[in-house]
Structure formats: structure tokens, C-alpha cells
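**Student:** Dropping the structure in here first, questions after.
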Amino acid sequence: MKKMASKCDKDEMEDVEEAVDRETEDTAEEETKEPDPVEREYSHPVYKQIAFLNGKINNYSKAELIKNLKMLKLDTDGSRSVLAKRQEIIEFPAVLLNCQKGEMEDEFRSYCRPVLNPLLTEFCTELTGITQDDVDRAPLFHEVLTSFEEWLQKKKLGSKYSFAIVTDGPWDIGYFLKSQCALSKIEFPTYCKYWINIRKTFANFYNTGKMPLSTMIQLIGREFQGRAHSGMDDSRNIAFIVQRLLKDGARLIFNEKLAEGNVRRREGGDPYFSVPVHNTEFKAIQGKLKPNFPQKKSALI
């Protein structure tokens, strides 16, 4: 997630970023709240063995779950003023991971030209590395989504191969993508209505509690590759985590979905934008989700 703001010094920027992330994190915790796991020392050698066995003891074998499956990492960037409500996607990256081989096969990346907030602030550029020239030369969001879906079709995802969207948290799909599709007046992609929240998968499998991407990377013994807050680099690091989870025997299944209608309203009256997917629902939808290619284009944004 990327933020727009007025120019500020380093300390102020960190304070603002922390405030925005805290606001978003609190929202996500409400939406996907689960019982906090018991704290324990996960660096002990026995812990890895327990984690491996935990991944094997389930209703489906690993082979059954990843047969003809390719995982897709998606991370979107919202360009906005600090704590403002209206946001637009300015970067749309993805990494394609072949789960059978455990290898990254390809990448997709495009900047998106914002319309409501066409001018990026210095804060946004400093935080994300995305320049005004990058977005000025970029296509509109609906054009980017069309290109992305053409890329999916070229890779035979949704036809020859099944695939799933993997994100770091619920916000990229449940909030940013949903809001942008509404803004661009295009249909929300059916293949994005269910996704794998890697924070949940990681926390449940290794019994660690939810933590940010940078911490998950450290716990699997790697260094964060690239630039923090870069959507493309975030996607690559999510792919590293998926590789490790598969190696350790984790079961990667849909664990979140888009909350449609007035599902589970908060006390303040606003609906949740994502809700958990329970195991019985996962079994019911497995193999039945079909992409709605191609996307309908908007004449506006």
C-alpha cells in the first residue's frame, strides 16, 4: 500500500506512515480477527518438524492441492493524501509462481495513471519510488487490468491451469481493487473474489501471530529483496514466502473472500471488506471458480 502526502522530513514521514499503517492494520484486524496463538519459541529445531507435520495432517494431500496450480502474487499501490478516503491504484504488479516446480516463472508490472489525484506528492515518490513521469506515461487502470488479464490468458491460467491470488493482508483486493473497479466503472474480477492472505497462512502454519512482510522474510532466513513499499518487490518477497511454505509442507488454500453487501457490519455502520473462508466453503468452491475474461472497459477511468 502506498500513500500520498505533502512534503515532510524523515521523522515526520515515519510518523505519518506509522499512523496510516496503524489505521489500516486496525481495520484489517477487525475484519479477519482470529484468536491470538500462544507465544512460543519457533526457532527450536523441533518447531520446524512440528510445522512440517502440521502441513501434512489435513484433509487434502499436498499433491492434490497443487496439481496444475500456479500461484499469483498481487500487490496494489494506493495513491492518496494522508488518512484520506479516496484512493487510486498507481502500480499493478504480479509474480507467477509454479507451485509444482516451486519456481517463479514470470512477472507482470504496469503503472496506472491516477485521475482523481493526478499529481503525486513528494512524499509518495520518496516512499514508493514511483515518479510523476511514471504515472503520466502510464495507461488508465481499466487498460492495465485488460493487459493483465491478457497476460493471464497467455499463461493459460483459468483454462489449462488453475491459479489463486496471494496477497499480504486483505487490503489490496478487498479494499483497493474493489474501490478502483467501482471508480473505473468496471466489473470486479471473479477470480479475485477469493484469495490467500499469506499473513494468515504464515501465522497459522508456524504459529507465530500475524506480522508484516519484512518480519516473515526474516523468519524464513532471507533478507528483504529490493525496496520496501515497492509493489513489485513486495510481490517477489511474497513469492519467497510461498516457496518456503510449500517446501515445509503447508497447505495453501483460500482463506479470505470479498465481503459483498452488508456482511458483518462494524459498530460504526461501515461493512467489512473481507471475511474469512471456512474449510467447508473451500471444499465447496474448489475447482469451480472461473475467470470472467475479458474485462469490460470503461470510457472514463
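**Student:** How do the pairs read when you match residues in the range 191-208 that are at positive phi with residues anywhere that are β-branched (Val, Ile, Thr) and in a loop (DSSP other than H, G, I, E, B), using Cβ under 8 Å and keeping only pairs 6 or more apart or on different chains?
**Tutor:** Between residues of the range 191-208 that are at positive phi and residues that are β-branched (Val, Ile, Thr) and in a loop (DSSP other than H, G, I, E, B), the close pairs are Asn207/Val38.
**Student:** Filtering the range 197-229 down to residues that are under 24 Å from Thr128 (Cβ atoms) and among the aliphatic types (A, V, I, L, M), which residue is nearest to the chain's Cα centre (by Cα)?
**Tutor:** Among residues in the range 197-229 that are under 24 Å from Thr128 (Cβ atoms) and among the aliphatic types (A, V, I, L, M), the one nearest to the chain's Cα centre (by Cα) is Ile198.
**Student:** Does Thr167 satisfy being within 20 Å of Glu88 (Cα to Cα) and not small (Gly, Ala, Ser)?
**Tutor:** Judged against the criteria, Thr167 is a match.
**Student:** Let me ask something else about it. In the range 102-137, what count of residues is obtained for those that are part of a loop (DSSP other than H, G, I, E, B) and under 22 Å from the mean Cα position of the chain (by Cα)?
**Tutor:** Number of matching residues: 6.
**Student:** Right, another one. Within the range 231-247, which residues are touching a Gly at 6+ places or on another chain (Cβ under 8 Å) and without any contact (Cβ under 8 Å) to a residue 40 or more places away in the chain?
**Tutor:** Asp233, Asn237
**Student:** Next up: Taking Thr131 as meeting all but one of (1) crowded, with 17+ Cβ neighbours inside 10 Å; (2) β-branched (Val, Ile, Thr); (3) under 19 Å from Ala228 (Cα atoms), write down the number of the exception.
**Tutor:** Here Thr131 clears every test but (1).
**Student:** So which of Leu289, Leu246 ends up being aliphatic (A, V, I, L, M) and at pLDDT 90 or above?
**Tutor:** That would be Leu246, the only listed residue that is aliphatic (A, V, I, L, M) and at pLDDT 90 or above.
**Student:** Given (1) crowded, with 19+ Cβ neighbours inside 10 Å; (2) at pLDDT 95 or above; (3) among the small types (Gly, Ala, Ser), where does Ala203 come up short, assuming only one miss?
**Tutor:** So Ala203 meets the others, but not (1).
**Student:** Looking at this structure, is Ala63 among the small types (Gly, Ala, Ser), in contact with a Lys or Arg (Cβ under 8 Å, 6 or more places away or on another chain) and either modelled with pLDDT of 90 or more or not in a loop (DSSP other than H, G, I, E, B) (or both)?
**Tutor:** Answer is no for this residue.
**Student:** Output the residues belonging to the range 206-235 that are surrounded by fewer than 20 Cβ atoms within 10 Å (Cβ to Cβ), touching a Pro at 6+ places or on another chain (Cβ under 9 Å) and not acidic (Asp, Glu).
**Tutor:** Scanning the range 206-235 gives Asn207, Thr208, Gly209.
The values are calculated or read from the model by the stated rules, or taken from the named source; none is laboratory data. Source: prediction; values computed, not measured. A quick note on method: Cβ atoms are made from the backbone with ideal geometry, for glycine too, and the neighbour counts reach across all protein chains shown.
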